[in-house]
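S.K.: Okay, handing you the structure first.
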Ligand code: IDP
Ligand code: MG
């Protein structure tokens, strides 16, 4: 059976603050492999596809604007149960209450913005992972 894959994004706040290496280090230190990686400036069309499930929510437009505010780094990581494992490394969505020891708990906090700036994205299911990987790595 081939190893599971997930799509991880270092969001613009993470890239701006120089935390890309820290995020990659945590992924690799946990034992997952980096299979693909690219830095890009995501445009609205790409982000609207990626965040389609959130369309209509109050934080949707701020989220899309935030994700266009600077470069992001897209990563495909692999390993058994990597989807669940990376969500665990990332911590809770709200960085104020994300557990210390997690990426969001250690490295992010509430900035008083309309959208929560929390360093990383990680796919939440095998279906999301396949869909999101095909958006960011169309040839994979
Ligand atoms: P996740 O990134 O932990 O999977 P989602 O619910 O998928 O969280 O939300 C996507 C992103 O939208 C979050 O990472 C965060 O940046 C932002 N977000 C989610 N819920 C809220 C909210 O209630 N207020 C502000 N921003 C939010
Ligand atoms: Mg999500």
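FYI, it's all coordinate maths here, none of it is from the lab. Predicted, not measured: the structure shown is a model, and the values here were computed from it. Cβ coordinates were reconstructed from backbone atoms using ideal geometry, including for glycine residues, and neighbour counts include every protein chain displayed.
S.K.: So which residues in the stretch 125-140 are surrounded by fewer than 16 Cβ atoms within 10 Å (Cβ to Cβ) and in a loop (DSSP other than H, G, I, E, B), if there are any at all?
M.R.: Selection gives 125, 138, 139, 140.
S.K.: Right, here's the next one. Of all residues in the stretch 105-124, which are within 14 Å of ligand 2 (Cβ to nearest atom) and on the phi < 0 side of the Ramachandran plot?
M.R.: Hits for the stretch 105-124 are 115, 116, 118, 120, 121, 122, 123, 124.
S.K.: Are any of the residues in the stretch 85-104 closer than 18 Å to residue 33 by Cβ, within 15 Å of ligand 2 (Cβ to nearest atom) and out of contact with any strand residue (DSSP E or B) (no Cβ under 7 Å at 6 or more places or on another chain)?
M.R.: Yes; the residues of the stretch 85-104 include at least one that is closer than 18 Å to residue 33 by Cβ, within 15 Å of ligand 2 (Cβ to nearest atom) and out of contact with any strand residue (DSSP E or B) (no Cβ under 7 Å at 6 or more places or on another chain).
S.K.: Let me ask something additional. Whether any residue in the stretch 95-102 is near ligand 1 (Cβ under 9 Å from one of its atoms), out of contact with any helix residue (DSSP H, G or I) (no Cβ under 7 Å at 6 or more places or on another chain) and either in a loop (DSSP other than H, G, I, E, B) or more than 21 Å from residue 51 (Cα to Cα) (or both) is what I want to check.
M.R.: No: zero hits.
S.K.: Checking residue 45 against (1) within 16 Å of ligand 2 (Cβ to nearest atom); (2) free of Cβ contacts under 8 Å to residues at least 12 places away in the same chain: exactly one of these is not met. Which one?
M.R.: The failed condition is (1).
S.K.: Would you check which residues across the stretch 35-91 are near ligand 1 (Cβ under 10 Å from one of its atoms), part of a helix (DSSP H, G or I) and surrounded by fewer than 16 Cβ atoms within 10 Å (Cβ to Cβ) and list them?
M.R.: 53, 54, 62
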